[in-house]
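Participant: Got a structure here, written out as structure tokens. Questions coming.
Values in this text are rule-based calculations from the coordinates and carry no lab data. Since this is a predicted model, take the numbers as computed values, not measurements. Using ideal geometry, Cβ is built from the backbone for each residue, glycine included, and neighbour counts are taken over all protein chains shown.
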Amino acid sequence: MSKPSTTLIHHPYVPPATFAAPQPGVFKASTVFFADVAAMRARDWRTKAGYTYGLHGTPTTFTLEERLATLEGGTECLLVPSGLAAISLVSFAFLKTGDEVLIPDNAYGPNKALATGELANFGITHRLYDAMNPADLAAKLSDRTRLVWVEAAGSVTMEFPDLPALVNICRARGVMTALDNTWGAGLAFAPFDFNGSGQGVDISVHALTKYPSGGGDVLMGSVTTRDERLHRALKLTHMRMGFGIGVGDVETLLRSLPSIALRYAAHDRAARELAGWLNGCEEIAQVLHPALEDSPGHVHWRALCGETNLAAGLFSVVFDERYSTEQVDRFCDSLQLFRLGYSWGGPISLVVPYDIGLMRDASVARWPYKGTLVRFSIGLEDVDDLRADLQQALARM
């Protein structure tokens, strides 16, 4: 008879496979067993037809990938450790020495930093374009351009571009487009099918850290596409770069995902109410929220998101230029319910002041406002309580 240590490791009991519950099972594995050598040799890690190694997928990660693909209207999805890792995966999968990538000047800052750092080290050039001026994109496309990033709304400054126009320009030149869809989250608009036109981007990346998680406690990203050829290229790079994620975080996402539409709508309603209220405050020179008529790109938001009428839980304000940076910092420090912190999409409201002059290239497009900008991420607190907090902080300036 085997000793206890061997018996416990090779115990014969296998639970019945008929268990069903609201949440999917959690499978943790690096090693995956095969029935025999023939099965080991026949198994293909590039498909979801079977399992080969934990890094290439488990029932738990496959389930999340399939649900995210459905959320965004794609057919194939890959998970990576963060939203920035999703951007990196796309860039490394499709760019090589001598190629060029175009990035909107109002894009997520680390995307631009990746281009000036690692991509430049590999001999890949980049140029910034004005997302609010499709003609600027058209003029900057070259024979070396292999990839164009688009983002809606713009990071921090919240301008909403004419996405169909930008994508049409790229499509006419045979250039791939990739969208940072973290703001839209697969809910505000369909990234692969703008307004039912059949037109959309080639690739959608998503920082699952934000709305899909909803708790401010998970770092994860995804890359989704409808194109099997693109997915295979992404999958190969994904394997070679060794991207892996903790299955505990996958479990958290699977628990949070069913409520994303409810949470997104709640964030949206509260943000829109507070943005409208701040729009009437004499301390504020401009509120940047795509659903407000005087916000840059509102007409494009309405054209693309009019059917859903969703606009996330983010907005920024520009303080009147008579207020110094120190006074605006005092406003931020005086907030009690809003916490100072990066990211968004969680239950707690956040605030961050930004120096747009350090973030934008004046040669691409002139930033039209002179005051200090502050971005708000609206959480799930009571709106009246948040408004009172803003009011007392404004009084302390």
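Participant: Kirkwood hydrodynamic radius, computed over distinct alpha-carbon pairs, for the stretch 35-122: how many Å, to one decimal?
Facilitator: For the stretch 35-122, inverting the mean 1/r across all distinct Cα pairs yields 15.7 Å.
Participant: Moving on. Assuming R0 = 30 Å, can you tell me the calculated FRET efficiency for the pair SER2 and VAL37, based on Cβ-Cβ distance, to the nearest 0.05?
Facilitator: Values: r = 24 Å, r/R0 = 0.82.
The value I calculate is 0.75.
Participant: Suppose we keep just the DSSP beta bridges with both residues in the chain; what percent of those would be antiparallel, to 5?
Facilitator: 55
Participant: Can you work out ³J(HN,Hα) from phi for every residue in the stretch 150-161, in order, using Karplus 6.51 cos²θ - 1.76 cosθ + 1.60 and θ = phi - 60°, giving whole Hz and x for Gly and Pro?
Facilitator: 10, 8, 8, 7, x, 4, 6, 8, 6, 5, 10, x
Participant: Quickly rank 25-34, 53-62, 332-341 as a protection proxy: mean count of other C-beta atoms within 10 Å, highest first. Walk me through the numbers before you get to the answer.
Facilitator: Details: 25-34: 12.5, 53-62: 18.6, 332-341: 15.2.
Packing order, densest peptide first, comes out as 53-62, 332-341, 25-34.
Participant: Also, I was wondering about something else. Considering the options LEU257, MET239, ALA185, tell which one lies farthest towards the positive end of the dipole of the stretch 180-282, charges being +1 on Lys and Arg and -1 on Asp and Glu at the Cβ, about the Cα centre.
Facilitator: MET239
Participant: Additional query: Can you figure out the FRET efficiency of ALA265 with GLU228, using R₀ = 22 Å and their beta-carbon distance, to the nearest 0.05?
Facilitator: Working: r = 33 Å, r/R0 = 1.50.
E(calc), rounded to 0.05, equals 0.10.
Participant: So, one more: Pairs of alpha-carbon atoms within less than 8 angstrom and 6+ residues apart define the contacts here; what relative contact order does the stretch 107-217 have, in percent? Please report the intermediate quantities before stating the final value.
Facilitator: Working: 134 pairs, mean separation 22.0, N = 111.
With pairs under 8 Å counted, the relative contact order is 20 percent.
Participant: Here is a further query. I'd like to compare 240-253, 290-303: which one has the highest average count of other Cβ atoms within 10 Å, and what's the full order after that?
Facilitator: Averaged packing, sorted descending, gives the order 290-303, 240-253.
Participant: Something else: Once Rh for the stretch 90-195 is found with the Kirkwood sum over Cα pairs, what is the Stokes-Einstein diffusion coefficient at 4 °C and 1.567 mPa s, in µm²/s? Each step should come with its number before you reach the end.
Facilitator: Details: Rh = 13.9 Å.
Rounded to a whole number, D works out at 93 µm²/s.
Participant: Please give the calculated 222 nm ellipticity per residue for the chain, where each DSSP H segment of at least 4 residues contributes -39500 (n - 2.57) and the sum is spread over every residue; nearest 500 deg cm²/dmol?
Facilitator: -10000 deg cm²/dmol
Participant: If amide H atoms are built 1.01 Å from N in the plane of the peptide, which residues on other chains or at least 5 residues away come under 5 Å of the amide H of SER349?
Facilitator: ARG339, GLY379, LEU380, GLU381
Participant: I would also like to ask the following. With only alpha-carbon atoms in the gyration tensor, what are the semi-axes of the equivalent ellipsoid for the chain, in Å, largest first?
Facilitator: The three semi-axes for the chain are 40, 27, 18 Å.
Participant: Determine the distance separating the Cα centre of the stretch 42-87 from the Cα centre of the stretch 23-41; give it in Å without decimals.
Facilitator: 15
Participant: Name the residue, out of ASP105, ASP382, ASP320, whose mean-square fluctuation peaks in a Gaussian network model built on the chain with Cα pairs under 10 Å.
Facilitator: ASP382
Participant: Starting from the amide H of MET176, placed 1.01 Å from N in the peptide plane, find each other amide H under 5 Å away whose residue is 5 or more places distant or on another chain.
Facilitator: VAL148
Participant: In debye, nearest 20: dipole of the chain around its Cα centre with unit charges on the Cβ of K, R (+) and D, E (-)?
Facilitator: On the way: 35 positive and 43 negative charges, 312 e Å.
Roughly 1500 debye, rounded to the nearest 20.
Participant: Sticking with this one: Measuring from label point to label point, each 7 Å out along Cα→Cβ, what is the ASN121 to ASN168 span in nm?
Facilitator: Modelled inter-label distance: 4.1 nm.
Participant: What residues of the stretch 239-254 lie in the reach of a label at SER30, counting those whose backbone N is under 15 Å from a point 7 Å from the Cα along Cα→Cβ?
Facilitator: 242-247
Participant: Would you please calculate the Kirkwood hydrodynamic radius of the stretch 37-257 over all C-alpha pairs and express it in Å, rounded to one decimal?
Facilitator: About 17.7 Å, per the Kirkwood formula over Cα pairs.
Participant: Quick one: which residues, 5 or more positions from HIS126 or on another chain, have an amide H under 5 Å from its amide H? H modelled 1.01 Å from N in the peptide plane, none for Pro or chain starts.
Facilitator: Under 5 Å from the amide H of HIS126 lie the amide H atoms of VAL101, each far enough along the sequence or on another chain.
Participant: Of the candidates GLY200, GLY186, GLY357, which one comes out as most mobile in a Gaussian network treatment of the chain with C-alpha springs shorter than 10 Å?
Facilitator: Per the Cα network of the chain with a 10 Å cutoff, GLY357 tops the list.
Participant: Would you mind computing, in nm to one decimal, how far apart the modelled labels at MET397 and ARG302 are, each placed 7 Å from Cα along Cα→Cβ?
Facilitator: 2.8
Participant: Let me ask you something else. Counting other beta carbons within 10 Å of each Cβ, put ARG375, ARG229 in order, fewest first.
Facilitator: ARG229, ARG375
Participant: Dividing the alpha-carbon radius of gyration of the stretch 259-395 by 2.2 N^0.38 Å (N being the number of residues), what value is obtained?
Facilitator: 1.03
Participant: Tell me, LYS3, LYS96, LYS210, LYS140 in order of fewest to most beta-carbon neighbours within 10 Å?
Facilitator: The order, fewest Cβ neighbours first, is LYS3, LYS96, LYS140, LYS210.
Participant: Further question on the same structure: Could you work out how much longer the chain between ARG255 and ALA49 gets when fully extended? Use 0.36 nm per residue separation minus the Cα distance between them, nm to one decimal.
Facilitator: In short, 71.7 nm is gained.
Participant: If I model a spin label at ARG330 and GLU273 as a point 7 Å from the Cα along the Cα→Cβ vector, what separation in nanometres do I get?
Facilitator: In this crude label model, ARG330 to GLU273 measures out at 3.0 nm.
Participant: Same structure, new question: Give the relative contact order (percent, whole number) for the chain; include only Cα pairs under 8 Å separated by 6+ residues.
Facilitator: Over the chain, the number comes to 16 percent.
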